[in-house]
1. With the contact rule set at Cα under 8 Å and sequence spacing of 6 or more, what percent relative contact order holds for the chain?
2. Would you list which lysines come within 23 Å of Lys169, measuring only between C-alpha atoms, while excluding same-chain residues fewer than 8 positions from it?
3. Report the semi-axes of the equivalent ellipsoid for the chain in whole Å, largest first, where each axis is √(5λ) for an eigenvalue λ of the Cα gyration tensor.
4. Go ahead and collect, in residue order, the members of the stretch 66-95 whose backbone nitrogen is under 18 Å from a label point 7 Å along the Cα-Cβ direction of Lys116.
5. Testing the spin-label approximation: label points 7 Å from Cα along Cα→Cβ at Ile108 and Lys170. State their distance in nm.
6. Report the full-extension gain for the segment Gln80 to Arg133: residue separation times 0.36 nm, less the Cα-Cα distance, to one decimal in nm.
7. So how much slack lies between Tyr151 and Gln54, counting 0.36 nm per residue of separation and subtracting their Cα-Cα distance, in nm?
8. Lys126 versus Val186, label points 7 Å from Cα toward the beta carbon: distance in nm?
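Every number here is computed from the coordinates shown, using simple stated rules; none is lab data. Predicted model only: the values in this text are computed from it and were never measured. Cβ: placed from backbone, ideal geometry, glycine included. Neighbour counts: every protein chain shown.
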Amino acid sequence: MIRSPRYLGTGVAFLLAAGTWWLAQQGAEVPAYEPQPDSPNFYLEHFTATTMGQDGKPDKRLSAERMIHYPADDSTELAQPRMTVFDNDRPPWRIQSETGWVSGDREIVLLKGEVKIDRSAAEGVKPLHLTTRNLRVQPEQNYAETDEYVYAESDDSWVESTGMQAWLKKPMRIKLLAKVRGRYEVD
């Protein structure tokens, strides 16, 4: 029997140290973290990216409430994206949707859900407001298209169709693809 509290404390400390060493020897090594191929590697909130033209002026701007990047295919998902396509001598096109997706090569932007496209009025330019769904945008070509229903209005004129192709810079034009009907008010 141990009579001294000093020996008792030393014995308990020795047993704790030996137990800790034994537990450390029994533990498995922690593996390094390896993300799953379909897992995102980063995200941003409230971001804006602007590309500049050769003249040093803004060419396009993409903003979103949230951006999630996937390294497997280098694609990006967007929440509430807003795209602006600038045209030097005309008001810019403003495009917004519920969600979006950007391809890894940045050649395609899919704007999903309800899509609104607006251009303000200016001298010699009437305002234009379009509503559609699921718009495919090729940013480098300033081109957008959809196979969905399209409703467009400008002042007191309106047109609707199924499907649309739009070239957003000079020579700016919109091609309505099927079931086109509307009303055009002459000044």
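1. 10 percent
2. Lys169 reaches Lys57, Lys60, Lys112, Lys116, Lys126.
3. After diagonalising the Cα gyration tensor, the semi-axes are 63, 17, 15 Å.
4. The answer is 66, 79-85, 92-95.
5. It is 3.2 nm.
6. On the way: separation 53, 0.36 × 53 = 19.08 nm, distance 1.36 nm.
Between Gln80 and Arg133, full extension yields 17.7 nm more.
7. Working: separation 97, 0.36 × 97 = 34.92 nm, distance 3.40 nm.
Full extension from Tyr151 to Gln54 adds 31.5 nm.
8. Label at Lys126, label at Val186, 1.3 nm between them.
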